[in-house]
Amino acid sequence: MSAYSVVDYFGGPGVLGTGEKVDVEPGTYLDLKFWEDLASKLSAEDKAKIKARGAIIEGVAGGFFSTARLNGFRKVLEQFPGIEIVGGTCAGDWNREKGTRCAEDILQGNQDDLDFIWAASNEMGLGAMLVAGAQNRLETTQDGAEIGNKKVAIFTNDVTPESVDRIAEGKMIAETTHGFADWGWFGTKFAVELACGLEVPKTFDIRPRSVYEANARNFYPEPKLESIDWKAIRANCKKAD
């Protein structure tokens, strides 16, 4: 998901950056299918024209979740040979302080040829944002036509109140939400249905999706969530109140 945001920002079709702008109806989920459908329309030549140099801050090196996110990110970028990852990955251990140190090392080693940093979680991404800002190297959405001015765009994952605020301010370009609000919302629904003796799905896809400046306030402070028909659940409840 966040890899496709990088592709979009540096010239691919979508809602960010310099590429073809796609009209998005209110309420549209910018989920994996949305991005894959856009990418499927690009020729190999189109994909090769999308160019950027970036660095990666991963979580715990070798850990399951860190490896899964790294593999997903790289799998998408393999389709876009013009997007180059410089150096190896720096392990930030899902921690802001360590993510900050990673960003310091990355920026020190890439003085004028780095376009973005992708951090596998937003605690590390927020650390990278602070370092780039302190060095006057932070790309913001207000930079507009200056994309590629050798400032560094930040992309990350998870979505928390603090990161939503920074995205709404244009200080981070995009983030992938993994649905923390959705977990509680639908988890409560399914728990009540179970208590009522009703059937619930064995799995439920909350459809991770892209968060960017224009839709950030759909996620915080008042997340827009699908309505739940509690009256119908109560009416069908098979157990006593």
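The values are calculated or read from the model by the stated rules, or taken from the named source; none is laboratory data. Since the structure is predicted, the reported quantities are computational estimates derived from the model, not experimental observations. We place every Cβ from the backbone using ideal geometry, glycine too, and count neighbours over all the protein chains shown.
For region 92-117, taking the residues that are outside any loop (DSSP other than H, G, I, E, B) and small (Gly, Ala, Ser), the one that is surrounded by the most Cβ atoms within 10 Å (Cβ to Cβ) is identified as GLY99. In region 220-238, the count of residues that are in a loop (DSSP other than H, G, I, E, B), touching a residue at least 40 places away in the same chain (Cβ under 8 Å) and more than 20 Å from GLY184 (Cβ to Cβ) is one or more. A count restricted to region 118-141 and to residues that are over 19 Å from the mean Cα position of the chain (by Cα), in contact (Cβ under 8 Å) with a residue 24 or more places away in the chain and either surrounded by fewer than 22 Cβ atoms within 10 Å (Cβ to Cβ) or within 14 Å of ASP158 (Cβ to Cβ) (or both) stands at 3. Inside region 118-138, residues that are closer than 22 Å to LEU77 by Cβ and assigned to a helix (DSSP H, G or I) make up a count of 6.
Tell me whether region 203-218 contains one or more residues that are part of a loop (DSSP other than H, G, I, E, B) and in contact with a strand residue (DSSP E or B) (Cβ under 8 Å, 6 or more places away or on another chain). Yes, region 203-218 contains at least one residue that is part of a loop (DSSP other than H, G, I, E, B) and in contact with a strand residue (DSSP E or B) (Cβ under 8 Å, 6 or more places away or on another chain). Of all the numbered requirements in (1) assigned to a loop (DSSP other than H, G, I, E, B); (2) aliphatic (A, V, I, L, M); (3) over 19 Å from GLY17 (Cα atoms); (4) within 21 Å of the chain's Cα centre (by Cα), ALA181 misses one, and that requirement is (1). Tell me whether region 190-200 contains one or more residues that are surrounded by 13 or more Cβ atoms within 10 Å (Cβ to Cβ), in contact with a Pro (Cβ under 8 Å, 6 or more places away or on another chain) and modelled with pLDDT of 95 or more. Yes, region 190-200 has at least one match. Going by the conditions given, is GLU104 touching a Ser or Thr at 6+ places or on another chain (Cβ under 6 Å) and touching a residue at least 24 places away in the same chain (Cβ under 8 Å)? The answer is no for GLU104.
Restricting attention to region 11-66, the residues being closer than 30 Å to ASP105 by Cβ and among the hydroxyl-bearing types (Ser, Thr, Tyr) number 2.
On the stretch given as region 216-241, residues that are surrounded by 11 or more Cβ atoms within 10 Å (Cβ to Cβ), of a type outside the set (Lys, Arg), over 16 Å from THR160 (Cβ atoms) and under 26 Å from the mean Cα position of the chain (by Cα) total 1.
Picking from residues in region 54-71 that are under 19 Å from the mean Cα position of the chain (by Cα), surrounded by fewer than 17 Cβ atoms within 10 Å (Cβ to Cβ) and not polar (S, T, N, Q), the one that is farthest from LEU114 (Cα to Cα) is PHE64. Within region 13-22, the only residue that satisfies the criterion of being in contact (Cβ under 8 Å) with a residue 40 or more places away in the chain and in contact with a Leu (Cβ under 8 Å, 6 or more places away or on another chain) is VAL15.
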